[in-house]
Amino acid sequence: MSSVWLPCGDYHQSYVEDQTWWQTTFIKFKMVLLLVIVFIGIPLLLPGYFISVATMVGYTAMGALGVQLLIGYTGLITLGHAAFIAVGAYTSTLLVLQFPWPQFIVDWGLAYPISILIGGVFGGLWSVLFGLPCAKVKGFYLILTTMAAQFITVDFFLTQYISQIGGRGQAFSLPPGTIKIGAWAIDTDVKTYYLMAVLLTLMVIVLANLLRSKTGRAWVAIRDNDIAAMALGINIVWYKLLAFFVAGFFAGIAGAFWVSNTAALSPEHFPWFWSLWLVGVILIGGVGSIHGAIFGSLFMVVVMELLQWVVIPLGDYYPKLLFDFASIKDSAFGLAICVFLIYEPNGLAYRWWQIKNYFNLWPFSY
Amino acid sequence: MKKTRVQKVGVLVSALFILFSLSTMAAAQEIKLGGIMDTTGATSDVGKDYTIGMEDAIKYINDNGGVNGKQIKYTWFDYGYRIPEAITKYKLLLRLGVVAIMGWGTGDTEALSPTVNKDKMPYVSASYSAHLTDPKKTPYNLFFSSDYSTNARACLTAWFDKKWPTKKDYGKRKPRLACCYMFASPYASAPIKAIKDQAALLGFEVGPDQDVSLFALDTKSQIMALKKFEPDVVWHGNTTMSVSATIRDAYALGLGADHIIDNWGFDENLPRLAGEAAEGAMGATPCAFYGQPFKNMDIVVASAKKYSPGVPQDKRTIRTVQAWGDALILWEAMIRADKAGAFNGEGIMKKGFETLRDYDIGLGAAPITFTPTDHRPATGCLVQEWKGGKFQTVEAVDLKKRWPEKWEKEWLGW
């Protein structure tokens, strides 16, 4: 078998071989090129505004990965993911601001990185709590229980109690220099972008690895037919809760990251609309695909920003466009979901797969 | 033939080049100003008129000499009161090269505060949160109005001075205060600590806070909860639509308390929405209502008619006047910075805003002072009430005069 190109046909002789990531030199080259673009090209070549857009793409993708795991890989529909992001954000912020860290932890800039991890764990555990009903209910009823997560977490606990810690009332503000990793204070667009890029890369690697393990296969089996999965001996409650934990863990990490981008926090950062937005992201990107979460984030953030650039010059002639811009954006979001569901129900990831196949099979693509 | 075509192309390219050069020269004479507004979100009930007022004000400034002859190119965005949106909009405005930004809500202004400080970007907000007034923490945030905490302290003091002595229980027991506001909103919750501090100072008994959404249309459960406490006065920290729903329900359920309201909940629309329930409602008015006879109000009204003829005059409110207040102080600061040869973010702040001493913008606003150590523009607030079909003055409370030591040493920044 060529070590440069994939053969024309499936010649893998074991599951391990089939699931190997970088099977040929060409694929290795592509992946290295992607990493070079992400870690060197974008931060070095793009100006600040575009880097901040890239950071938003990454933040969206971090949240969407968890939603993808729940909806796309395990078949558990969630509409309360912003709550788990909020838990991670608040856990991280409170740890950084209020926890009596030993001085050497603060001096070595370890408080924030540790708080990211703990934020992830808290997000995961909180997610499991609201995932418990999945043992008994599914489909429409599960959607309602996840929605309850949003209202109970953000509107009740965070707003009424957690936000009051420290006496400021509702908003936390992190003084400059508080968010640092080692000697590296996260205080510029580029540094924030790098943090996002590292976290997102790790999250993609973890999820991709989980999906090609026994756990991942169990999730997919549950998604495809939970009764059949149970008949095969899969403990579906355990694996569903594990999916909630991993999705919540990712959400918690996303929330803890978000703090570095704003250096301020209030419950208003996590509206229910954000949960809905993340579901829209995976619908457009493609359900059941890691690529889908990333393509969807890219599409939603970049297209909405492009819409902004179109509206700027038109605003001089049609001021109404400016006044109603947020509504126009929401309408575009709804329209995009409708268009994708009708014309490309498998999302952008499927289109990407088709393009890749075209080139892989060229010139005999028929 | 070929030569002619080449000549034509040459002329065209030259013309385009000249046009581009001229437009670049014109752009060089242009000052870019950004805006982040809410015309569709949770606070759009007051945000639309503010946005229109801001556009009127910038057009007026351009028609009256601009900034020492330079025209202002104002680019603004609606962010729908969503904080993540505000952050990307801010970065976009930065990319467009703006020298200052007219901002909106407390949540996004506070979220952006560390960034604007780092970028040295003067950020003139419609959020009057006292948390933005300490230059040690937020050196690039400011606004023309008395801050929310000053408003809350002034309203409570005015009620204590003028209304409490007229109550039958006066002298027999402590007056009772309760607060209605959206807990989750940094805007609405910003002055709560201050008003409770003022209540303690004046000897109030404080009841349980009631969580009222900015979108609230029905607040009966909150009013029923308040009835057990029997407050004498209720502080409302939300915007007009929500406040009107609350005082309407309070009236219908016979709560029997007076109402004191922060400035964003107290405008010409309040009596329209709340009807007779608004009678006697008192509120903070850091500037005059639209059309009230004060210095420079004629300019505001004439500009509204000239630049926004499609908006009926009876729809214009105090929000227009507030937008003018913020625009006028920025205008003066930019003129001063430009004259001082320091036309950049830091210059506009240091050579512009922080040189304003008792600067009178008219419009019924208090004279404005910013110093490098104190960004509280005013030391008190005019409290008015809706009575007999019109707004009437209750008391002009000057906190600095009444509590000079606390004003100087304790109350800055919260």
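The rows are residues; the columns are (1) without any contact (Cβ under 8 Å) to a residue 12 or more places away in the chain; (2) assigned to a helix (DSSP H, G or I).
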{"site": "B:GLY280", "(1), (2)": "no, no"}
{"site": "B:LYS305", "(1), (2)": "yes, yes"}
{"site": "B:ASP338", "(1), (2)": "no, yes"}
{"site": "B:ALA342", "(1), (2)": "yes, no"}
{"site": "B:GLU346", "(1), (2)": "no, yes"}
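Restricting attention to the stretch B:64-79 and to residues that are part of a strand (DSSP E or B) and away from every other protein chain (no Cβ under 14 Å), the residue that is surrounded by the most Cβ atoms within 10 Å (Cβ to Cβ) turns out to be B:VAL67.
Only residues that are away from chain B (no Cβ under 14 Å) and surrounded by 16 or more Cβ atoms within 10 Å (Cβ to Cβ) were counted in the stretch A:172-203, giving 7.
Each residue in the stretch B:82-95 was checked for being outside any helix (DSSP H, G or I) and more than 8 Å from chain A (Cβ to nearest Cβ), and 0 pass.
With the structure loaded, tell me whether B:MET282 is touching a strand residue (DSSP E or B) at 6+ places or on another chain (Cβ under 7 Å), at pLDDT 95 or above and farther than 12 Å from B:SER244 by Cα or whether it fails that test. Considered against the rule, which asks whether it is touching a strand residue (DSSP E or B) at 6+ places or on another chain (Cβ under 7 Å), at pLDDT 95 or above and farther than 12 Å from B:SER244 by Cα, B:MET282 comes out as yes. Considering the stretch A:327-348, the residues that are over 23 Å from the mean Cα position of the chain (by Cα) and surrounded by 11 or more Cβ atoms within 10 Å (Cβ to Cβ) include one that is nearest to the other protein chains (Cβ to nearest Cβ), namely A:SER327. Looking across the stretch B:137-196, just one residue is farther than 27 Å from B:ARG319 by Cβ, in contact with a Gly (Cβ under 7 Å, 6 or more places away or on another chain) and within 14 Å of chain A (Cβ to nearest Cβ), and that is B:LYS137. A count restricted to the stretch A:21-49 and to residues that are within 14 Å of chain B (Cβ to nearest Cβ) and either open to solvent by 80 Å² or more (accessible area, probe 1.4 Å) or small (Gly, Ala, Ser) (or both) stands at 1. Residues of the stretch B:102-123 that are touching a Gly at 6+ places or on another chain (Cβ under 9 Å) and either surrounded by fewer than 24 Cβ atoms within 10 Å (Cβ to Cβ) or within 14 Å of chain A (Cβ to nearest Cβ) (or both): B:MET102, B:GLY103, B:TRP104, B:GLY105, B:THR109, B:LEU112, B:VAL116, B:ASP119, B:LYS120, B:MET121, B:TYR123. Select from the stretch B:96-114 the residues that are outside any loop (DSSP other than H, G, I, E, B) and at pLDDT 85 or above and write down the one among them that is farthest from the chain's Cα centre (by Cα). The residue in question is B:LEU96.
Quick check on the stretch B:285-299. Is at least one of its residues buried (at least 17 other Cβ atoms within 10 Å of the Cβ), assigned to a helix (DSSP H, G or I) and either on the phi > 0 side of the Ramachandran plot or modelled with pLDDT of 95 or more (or both)? Checked against the condition, which is being buried (at least 17 other Cβ atoms within 10 Å of the Cβ), assigned to a helix (DSSP H, G or I) and either on the phi > 0 side of the Ramachandran plot or modelled with pLDDT of 95 or more (or both), the stretch B:285-299 yields at least one hit.
Being away from chain B (no Cβ under 14 Å) and open to solvent by 60 Å² or more (accessible area, probe 1.4 Å), is that true of even one residue in the stretch A:271-288? Checked the stretch A:271-288: at least one residue is away from chain B (no Cβ under 14 Å) and open to solvent by 60 Å² or more (accessible area, probe 1.4 Å). Could you say whether any residue in the stretch A:142-158 is over 24 Å from the mean Cα position of the chain (by Cα), more than 10 Å from chain B (Cβ to nearest Cβ) and part of a helix (DSSP H, G or I)? Checking the stretch A:142-158: not a single residue is over 24 Å from the mean Cα position of the chain (by Cα), more than 10 Å from chain B (Cβ to nearest Cβ) and part of a helix (DSSP H, G or I). Looking at the stretch A:11-50, which of its residues are within 24 Å of the chain's Cα centre (by Cα), farther than 30 Å from B:ARG95 by Cα and part of a helix (DSSP H, G or I)? Residues satisfying the conditions are A:GLN19, A:LYS30, A:MET31, A:VAL32. If A:ILE234 satisfies all but one of (1) open to solvent by less than 50 Å² (accessible area, probe 1.4 Å); (2) under 15 Å from the mean Cα position of the chain (by Cα); (3) farther than 22 Å from B:ASP119 by Cα, what's the number of the condition it fails? Just one mismatch for A:ILE234, condition (2). Is it true that A:GLU268 is within 20 Å of the chain's Cα centre (by Cα), without any contact (Cβ under 8 Å) to a residue 24 or more places away in the chain and either within 30 Å of A:TRP184 (Cβ to Cβ) or away from chain B (no Cβ under 13 Å) (or both)? Yes: the conditions hold for A:GLU268.
The values are calculated or read from the model by the stated rules, or taken from the named source; none is laboratory data. As the structure is a computational prediction, the values presented were derived from the model and not from experiment. Cβ coordinates were reconstructed from backbone atoms using ideal geometry, including for glycine residues, and neighbour counts include every protein chain displayed. With ligands, DNA and RNA removed, areas are computed over all heavy atoms of the protein, side chains included. Shrake-Rupley method; radii C 1.70, N 1.55, O 1.52, S 1.80 Å.
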